[in-house]
Amino acid sequence: MLQKRFDQVFEIMKQSFPEAEYREYSEQKKLMSSSRYLLLTEENEQNEVIGFLAGWELESFRYVEHLAVSPNIRGGGIGKRLMDRFMKQSAKPVILEVELPEDEMKRRRIGFYERLGFCLGDHSYIQPPLRAVRQQTLSLQIMSYPAKLTTTEFEMVRKLLYKEVYGAPSVYAHTYNS
């Protein structure tokens, strides 16, 4: 049953994110054995996954790595329910990454998180590569809940994400300094 659930999550991930924004199947599946990696799902009446939130429980904050809903049923409140569940599970601050607000869809996505109480950060941020084959980095911005990160907090968050989530060498912390 877990295999089927993971496969459904991965299919939604492939439909919802550019390839550079998620790991290869085997690498993504390895995360399931980590006690810090969290996966919340929403299922329909047929017990099929229709939405998911993949996140991390880190020392001083929680991190939302992926939030996605099946493309044919977006806009029905499933993403909000998943975020609400995740945010209520802990009193720790919540961190996530968003694409730069360069087009209407990206601005709408930022607005979705702002309506949940997230604050868009001012610091430049580069996501290290998620795939070994195509070493592609992404320029993103950090959003935080319940308050905007200070420069010191941002640096701590960035270093912890690079180390724990991306397994990026410490050189990234210097190369991608804001």
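Which condition from (1) surrounded by fewer than 19 Cβ atoms within 10 Å (Cβ to Cβ); (2) closer than 25 Å to LEU140 by Cα; (3) in contact (Cβ under 8 Å) with a residue 12 or more places away in the chain is the one that GLY51 breaks? For GLY51, the failing item is (1).
Condition check ((1) under 25 Å from LEU82 (Cβ atoms); (2) of a type in the set (Val, Ile, Thr); (3) open to solvent by less than 20 Å² (accessible area, probe 1.4 Å)) across all residues:
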{"residue": "PRO101", "(1), (2), (3)": "yes, no, no"}
{"residue": "GLY111", "(1), (2), (3)": "yes, no, yes"}
{"residue": "GLY117", "(1), (2), (3)": "yes, no, no"}
{"residue": "LEU130", "(1), (2), (3)": "yes, no, no"}
{"residue": "SER139", "(1), (2), (3)": "no, no, no"}
{"residue": "ALA147", "(1), (2), (3)": "yes, no, no"}
{"residue": "LEU160", "(1), (2), (3)": "yes, no, no"}
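Residue-level check: of (1) touching a Lys or Arg at 6+ places or on another chain (Cβ under 7 Å); (2) charged (D, E, K, R); (3) farther than 27 Å from LYS163 by Cβ, GLU48 misses just (1). Among the residues here, GLN15 qualifies as surrounded by fewer than 18 Cβ atoms within 10 Å (Cβ to Cβ), part of a helix (DSSP H, G or I) and more than 13 Å from the chain's Cα centre (by Cα).
Residues that are open to solvent by 30 Å² or more (accessible area, probe 1.4 Å) and in a loop (DSSP other than H, G, I, E, B) within segment 23-48 comprise GLU24, SER34, SER35, ARG36, ASN44, GLU45, GLN46, ASN47, GLU48, listed in sequence order. Can you report the number of residues in segment 54-85 which are more than 12 Å from the chain's Cα centre (by Cα), under 28 Å from ALA147 (Cβ atoms) and in contact (Cβ under 8 Å) with a residue 40 or more places away in the chain? Result for segment 54-85: 7.
Taking every residue in segment 21-40 that is without any contact (Cβ under 8 Å) to a residue 24 or more places away in the chain and pairing it with any residue that is outside any helix (DSSP H, G or I), at least 6 positions away or on another chain, the pairs with Cβ-Cβ distances below 7 Å are GLN28/TYR22; LEU31/TYR37; TYR37/TRP56. Identify, by number, the condition in (1) out of contact with any strand residue (DSSP E or B) (no Cβ under 9 Å at 6 or more places or on another chain); (2) without any contact (Cβ under 8 Å) to a residue 40 or more places away in the chain; (3) charged (D, E, K, R) that ARG109 doesn't meet. Status for ARG109: all satisfied but (1). Considering only residues that are aliphatic (A, V, I, L, M) and surrounded by 17 or more Cβ atoms within 10 Å (Cβ to Cβ), which ones fall in segment 1-12? Of everything in segment 1-12, those that are aliphatic (A, V, I, L, M) and surrounded by 17 or more Cβ atoms within 10 Å (Cβ to Cβ) turn out to be VAL9, ILE12. Report yes if some residue within segment 62-79 is crowded, with 18+ Cβ neighbours inside 10 Å and part of a helix (DSSP H, G or I); otherwise report no. Yes, there is a match, as at least one residue in segment 62-79 is crowded, with 18+ Cβ neighbours inside 10 Å and part of a helix (DSSP H, G or I).
The values are calculated or read from the model by the stated rules, or taken from the named source; none is laboratory data. Model, not experiment: these values are computed from the prediction. Cβ coordinates were reconstructed from backbone atoms using ideal geometry, including for glycine residues, and neighbour counts include every protein chain displayed. For the accessible areas, the whole protein counts, side chains as well, though only heavy atoms, and no ligand, DNA or RNA atoms are used. Shrake-Rupley method; radii C 1.70, N 1.55, O 1.52, S 1.80 Å.
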